[in-house]
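Structure first, commentary second.
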Amino acid sequence: MTARSRHPGRSILLTSGLAIALAAVAVPFYWLAVGATHSSQEIFDSPPPLLPGGHLGENLATLQETADFGRVVLNSLGISVVYTLLAGVVCTFAGYGFATYRFRGREALFGLLMLGLVVPAQITLVPLFKMMAELHWLNTYQAVIAPNLALPFGIFLMRQSMAALPKELLDSGRMDGCGEFRLFWRVALPPMRPALAALALFLFLYQWNDFIWPLIVLRDDSTFTIPVALASLQGLDETDYGAILAGTAIAAVPMAIVFLALQRHFVSGLLAGAVKE
Amino acid sequence: MTPSAPAAAAPRPAARRRGRWGTAAPYLFVLPAVLLFAAFKLYPIGWSFLLSLHRTVGGTETFVGADNYARLADDPLFWTALRNTGVILVVQVPLMLALATGLAVALDSTLLRGRPVFRLGFFLPMVTGLVAYGIVFSVLLNEEYGLVNWLFGLVGIDPVPWLTEGLWARISLGLALTWHYTGYNAVILLARLQTIPAELYDAAAVDGAGALNAFRHVTLPGLRPALLLTTVLSTIGTLQLFDEPYVLTGGGPDNATLTIGVYLYQNAFKYFDFGYASAVAYALTVLVGVLGLIQFRLLGEKS
């Protein structure tokens, strides 16, 4: 007998309690979806709208007009995809190197990279900004992408996952005359697919939602990413909240869907990295 | 499995069998990360320290030694930012972690129906970007027209100045942070909970321990490493807090939600006082380091 069937009353109490909490957590999501379909006036009506309205198309048109939002979405997509691919390679390489080889300086180098987890990101903002200015990289995509390619958390995640590779598997590959890179590509990577999915999702989300760094290096609105564009719209004197919420929904809803589709990999991969000692 | 049998039997052949790459292979794998890290992290960290010893006036830099650091000590705004950040640290972080622990225990309970749905649902806010949820919260919490005050009105509660009055602005910021990060922390704690052997709970039950005692003597000690991790991560995150106050309250009203992160940004990219901003950044780093060490000492000693 399960605990559930022994205590049906407690089970119902716990489940409904958590359901109420979850409903409270879901309010901002629901309200975002509703707000995106109403005009600015309707959003601030009393009573506020509780059901979807008919202004989504209009809001998207306003968004396109005031912020060239199609371009902004493409900027965000392009930057996030390229970042995910490049940072994915860097982090996977490093994770594999640290997890499967013993070499002189391994501990020191890994420790150095992990320092990046605790040193506040803000400490590098000003010098990085000056660096980008000197490279004439301001308002370019590479200025957003390059500085965070060696993401410490990504390296940490991959090292944790790669550490689970059986040594015998790699050694037998070597016996068969496999070169080191082929070994990595043909033997080590295939069983790592769930970890790679988790890494890719994490990197994509990180870049898609990143705000402060793109805000600093992207000054020209044709290069804006979604968060930067939304923040700039909010700063206007006559803020059109219908349009802003439509843009916010575009930023949040696809991510939520991608996350739901891949969540099994994501949560388990993240946890493998976070909790193993 | 036959080909692997002789390999496993051979005494560590790997080192000698690295082929043409020889011993360079491991270095080649970690090289891209190390180079990028050196160029975009270590080098700027050093440069930042140099900047903190200079004053930027009209584009020219003059060496001023420790002047910027001396200025910090006399800067009321810096102390305000420090105090605001400290309040979030001692109020919001413990409340959120307690909430996350309770949530993790509930999500782990066999009494709960539909566990996967709940796990997912509570994690979802983490996926939303900081700007996105900041905007949603600022509209929801609008004093005159927001949904929250309208709901309050239905039950006869006067409108709350969520974003326009100092204390309430702080509470709003705390609510937004709690909404965003509780589920994430709960998932980390939950993973750890699942590694606690069921026999320990059975033994506690045999010894006559009630639910509360089992929680105190089995659950909490078992959670210790995960609690350390979530505490340290939340502390680092709080000390660097920027996006939420920037979007939600702009640091206001009257600097009530000015954090060190926002103050640093203002000095650097509003007043272009790079030297002073760098001094603020170094003060922040020292703070992160000291608090991190203390937390490791307090929470990590027995594990």
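Structure notes:
- Test: A:Leu196 is assigned to a helix (DSSP H, G or I) and either more than 9 Å from chain B (Cβ to nearest Cβ) or surrounded by fewer than 21 Cβ atoms within 10 Å (Cβ to Cβ) (or both): yes
- Pairs with Cβ under 9 Å, 6+ apart, first in region B:12-34 and under 24 Å from A:Leu112 (Cβ atoms), second aliphatic (A, V, I, L, M) and modelled with pLDDT under 60: B:Thr23/B:Ala15
- Lone unmet requirement of (1) within 7 Å of another protein chain (Cβ to nearest Cβ); (2) in a helix (DSSP H, G or I) for B:Tyr145: (2)
- So A:Thr248, is it crowded, with 20+ Cβ neighbours inside 10 Å and not in a helix (DSSP H, G or I): no
- Restricted to helices (runs of 4 or more DSSP H) entirely inside region B:152-256, those with at least 3 residues that are more than 22 Å from A:Asp210 (Cβ to Cβ) and under 25 Å from the mean Cα position of the chain (by Cα) are B:166-193, B:220-239.
- Of all residues in region B:71-86, at least one satisfies being closer than 30 Å to B:Leu190 by Cα and either away from chain A (no Cβ under 11 Å) or over 23 Å from the mean Cα position of the chain (by Cα) (or both).
- Exactly one residue out of B:Val286, B:Val280, B:Val290 is surrounded by fewer than 24 Cβ atoms within 10 Å (Cβ to Cβ) and either touching a residue at least 60 places away in the same chain (Cβ under 8 Å) or more than 27 Å from B:Gly250 (Cα to Cα) (or both): that is B:Val290.
- Residues located in region B:88-98, provided they are aliphatic (A, V, I, L, M) and loosely packed, with under 15 Cβ neighbours inside 10 Å: B:Val90, B:Val91, B:Leu95, B:Ala98
- Among the residues of region A:15-37, at least one is more than 31 Å from the chain's Cα centre (by Cα) and either closer than 19 Å to A:Gln234 by Cβ or not aromatic (Phe, Trp, Tyr) (or both).
- Filter result (surrounded by fewer than 20 Cβ atoms within 10 Å (Cβ to Cβ) and in contact (Cβ under 8 Å) with a residue 12 or more places away in the chain) within region A:171-187: A:Arg186, A:Val187
- Residues satisfying the stated conditions in region B:280-289, i.e. more than 18 Å from B:Arg83 (Cβ to Cβ) and either part of a loop (DSSP other than H, G, I, E, B) or modelled with pLDDT of 90 or more (or both): B:Ala281, B:Tyr282
- Listed by first and then second residue, the pairs with beta-carbon distance under 7 Å, at least 6 apart or on different chains, first residue in region B:99-128 and facing chain A (nearest Cβ under 7 Å) and buried (at least 17 other Cβ atoms within 10 Å of the Cβ), second not aromatic (Phe, Trp, Tyr) and not in a helix (DSSP H, G or I), are B:Ala106/B:Leu112; B:Leu111/A:His7; B:Phe118/B:Leu112.
- Cross-chain or 6+ apart pairs with Cβ under 8 Å, region B:61-80 first and assigned to a loop (DSSP other than H, G, I, E, B), then at pLDDT below 95 and not aliphatic (A, V, I, L, M): B:Val64/B:His54; B:Val64/B:Arg55; B:Val64/B:Gly275
Matching residues to (1) facing chain A (nearest Cβ under 9 Å); (2) of a type outside the set (Val, Ile, Thr); (3) touching a residue at least 40 places away in the same chain (Cβ under 8 Å):
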{"residue": "B:Thr235", "(1), (2), (3)": "no, no, yes"}
{"residue": "B:Gln240", "(1), (2), (3)": "yes, yes, yes"}
{"residue": "B:Asp243", "(1), (2), (3)": "yes, yes, yes"}
{"residue": "B:Leu248", "(1), (2), (3)": "no, yes, yes"}
{"residue": "B:Ala256", "(1), (2), (3)": "no, yes, yes"}
{"residue": "B:Ala268", "(1), (2), (3)": "yes, yes, no"}
{"residue": "B:Asp273", "(1), (2), (3)": "no, yes, yes"}
{"residue": "B:Tyr276", "(1), (2), (3)": "no, yes, yes"}
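- Top-ranked residue in region B:133-164 [being of a type in the set (A, V, I, L, M) and touching a Pro at 6+ places or on another chain (Cβ under 7 Å); ranked as nearest to A:Leu50 (Cα to Cα)]: B:Leu147
- Among the residues of region B:87-119, none is identified as of a type in the set (Lys, Arg) and under 18 Å from the mean Cα position of the chain (by Cα).
- When the helices (runs of 4 or more DSSP H) confined to region A:36-136 are screened for residues that are touching a residue at least 12 places away in the same chain (Cβ under 8 Å) and within 30 Å of B:Thr238 (Cα to Cα), those reaching at least 1 such residues are found at A:69-100, A:106-118, A:125-134.
- Selection status of B:Pro44, facing chain A (nearest Cβ under 9 Å) and in contact with a Pro (Cβ under 8 Å, 6 or more places away or on another chain): yes
Residue by residue, here is whether (1) of a type in the set (S, T, N, Q); (2) surrounded by 12 or more Cβ atoms within 10 Å (Cβ to Cβ); (3) within 9 Å of chain B (Cβ to nearest Cβ) holds:
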site: A:His7; (1), (2), (3): no, yes, yes
site: A:Leu18; (1), (2), (3): no, yes, yes
site: A:Ala36; (1), (2), (3): no, yes, no
site: A:Ser39; (1), (2), (3): yes, yes, no
site: A:Phe44; (1), (2), (3): no, yes, yes
site: A:Leu51; (1), (2), (3): no, no, no
site: A:Gly57; (1), (2), (3): no, no, no
site: A:Gly70; (1), (2), (3): no, no, no
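- Against the conditions (1) within 22 Å of B:Ile135 (Cα to Cα); (2) at pLDDT 85 or above; (3) not small (Gly, Ala, Ser), B:Asp243 satisfies every one except (2).
- Test: B:Arg216 is within 30 Å of B:Pro125 (Cβ to Cβ) and either among the aromatic types (Phe, Trp, Tyr) or more than 13 Å from chain A (Cβ to nearest Cβ) (or both): yes
The values are calculated or read from the model by the stated rules, or taken from the named source; none is laboratory data. Being a predicted model, the structure only gives us computed values, none of them experimental. Virtual Cβ from ideal backbone geometry, glycine too; neighbours counted across all protein chains shown.
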